[in-house]
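Presented below is the structure to which this report refers.
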Amino acid sequence: MKKIGFVGLGNMGGPMAANLVKAGFEVTGYDLAADNLDRAAKAGIRPAASLAEAVQAAEAVVTMLPAGAHVRAVYQNEGGILGAVPRGALLIDSSTIDVASARVVASAAQEAGMDMLDAPVSGGTGGAEAGTLTFMVGGSDTAFERAGPILQAMGKTVVHAGGAGNGQAAKICNNMILGISMIGVSEAFALAEKLGLDHQRLFDISSKSSGQCWSLTSYCPVPGPVPTSPANRGYQPGFTAAMMLKDLKLAQEAAAESGASTPLGAEAAQLYNLFCAQGKDRQDFSAIINMLRGA
Ligand code: NAD
């Protein structure tokens, strides 16, 4: 499989498509935004004038779009991918979207004779550029095997999470843990400040104790203990609070649809909603510590 159609050449899709070119794939790309298409052309991607043109000769298609509505439209609308792509092509959606949309589109693809995977990523724009993304993949064993060389050209870790929609399920469950744990770690530092306990001392103790978690040891929300964390550069993202809110809302939608009880996930979504409504949506999500301090 050499010929790839890539749809959605934004902050993530642009560098992901560029890594496919570097790995020797022939990539034809499409995006609604002309400047993204121009940037992609400079990275060796052949720009297409329409969605259909981007996929009509493709052996595989990768999409990297904002949300479920965009993914449903791009695949299923008149002139969309399912009608334009050659039969038997492999379809990979790497957008972060709701589980229900992922399953609906995968089943429409199957009816049209195509294998489809949901393959959302973690690792952010840095991982997209460096080709070190983690892919969480839902779909059949055969489709997962076929996708290997494509996903490995854009990422470092590729995990099969089960059938259609399970990649999205893994992504939102993981990010719900992340949102909740970041709030927990932030509250602990805010309390420590009130109690006169030094940041570094709390870090040294908790990072070796039962409070240890990624939000503390890799992404600490106060400056100092983890020099690479966004707290050390004025909370420039990183991973924006808006993105965290999007994923927490997806988790809440999925919880409501499946009947799961996620009270802390709901609270985390509320707190990030409040934070974003204060105009902080472009800050890194770890900046929520400032709101919890009352700052
Ligand atoms: P983005 O807005 O930069 O890119 C999306 C692109 O899709 C845009 O260029 C837009 O013009 C294009 N687009 C929208 N509708 C289209 C259509 N009908 N046809 C063609 N192109 C269309 O967003 P992004 O940051 O690249 O994120 C993409 C996805 O990746 C999202 O689902 C996001 O949640 C997920 N994600 C992002 C990050 C991150 O750090 N940015 C990390 C992990 C996952």
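The values are calculated or read from the model by the stated rules, or taken from the named source; none is laboratory data. In this text, all values refer to a predicted model and were calculated from it rather than measured experimentally. Please note: Cβ atoms are built from the backbone with ideal geometry, for glycine as well, and neighbour counts cover all protein chains shown.
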Exclusive hit being assigned to a helix (DSSP H, G or I), at pLDDT 95 or above, within 16 Å of the ligand (Cβ to nearest atom) and closer than 22 Å to residue 193 by Cβ, set 269, 231, 242, 287:
287
Quick one: in region 83-111, which of the residues that are part of a helix (DSSP H, G or I), surrounded by 21 or more Cβ atoms within 10 Å (Cβ to Cβ) and within 14 Å of the ligand (Cβ to nearest atom) is farthest from the chain's Cα centre (by Cα)?
105
The lone exception for residue 44 - which of (1) in a loop (DSSP other than H, G, I, E, B); (2) more than 11 Å from the ligand (Cβ to nearest atom); (3) in contact (Cβ under 8 Å) with a residue 40 or more places away in the chain; (4) within 21 Å of residue 155 (Cβ to Cβ) it fails
(3)
With the checklist (1) buried (at least 20 other Cβ atoms within 10 Å of the Cβ); (2) in a helix (DSSP H, G or I) in hand, flag the one item residue 161 doesn't pass.
(2)
Filter result (part of a strand (DSSP E or B) and more than 25 Å from residue 122 (Cβ to Cβ)) within region 7-29:
26, 28
Test of understanding: among 176, 136, which residue is of a type in the set (A, V, I, L, M, F, W, C), in contact (Cβ under 8 Å) with a residue 40 or more places away in the chain and either within 13 Å of the ligand (Cβ to nearest atom) or not in a strand (DSSP E or B) (or both)?
176
The condition from (1) modelled with pLDDT under 95; (2) over 25 Å from residue 175 (Cβ atoms); (3) not hydrophobic (A, V, I, L, M, F, W, C) that residue 47 misses is numbered (1)
Considering 131, 162, which residue is at positive phi, free of Cβ contacts under 8 Å to residues at least 60 places away in the same chain and either more than 16 Å from the ligand (Cβ to nearest atom) or of a type outside the set (Ser, Thr, Tyr) (or both)?
162
Are any residues in region 61-77 under 23 Å from residue 3 (Cβ atoms), more than 9 Å from the ligand (Cβ to nearest atom) and in a helix (DSSP H, G or I), and if so, which ones?
75, 76
Pair list, Cβ under 9 Å, 6 or more apart: region 3-28 residue in contact (Cβ under 8 Å) with a residue 60 or more places away in the chain and more than 13 Å from the ligand (Cβ to nearest atom), other residue part of a strand (DSSP E or B) and basic (Lys, Arg)
25/3
Please go through (1) touching a strand residue (DSSP E or B) at 6+ places or on another chain (Cβ under 6 Å); (2) polar (S, T, N, Q); (3) in a loop (DSSP other than H, G, I, E, B) for residue 168 and return the number of the only condition it doesn't satisfy.
(3)
How many of the residues making up region 67-86 are over 21 Å from residue 245 (Cα atoms) and without any contact (Cβ under 8 Å) to a residue 60 or more places away in the chain?
12
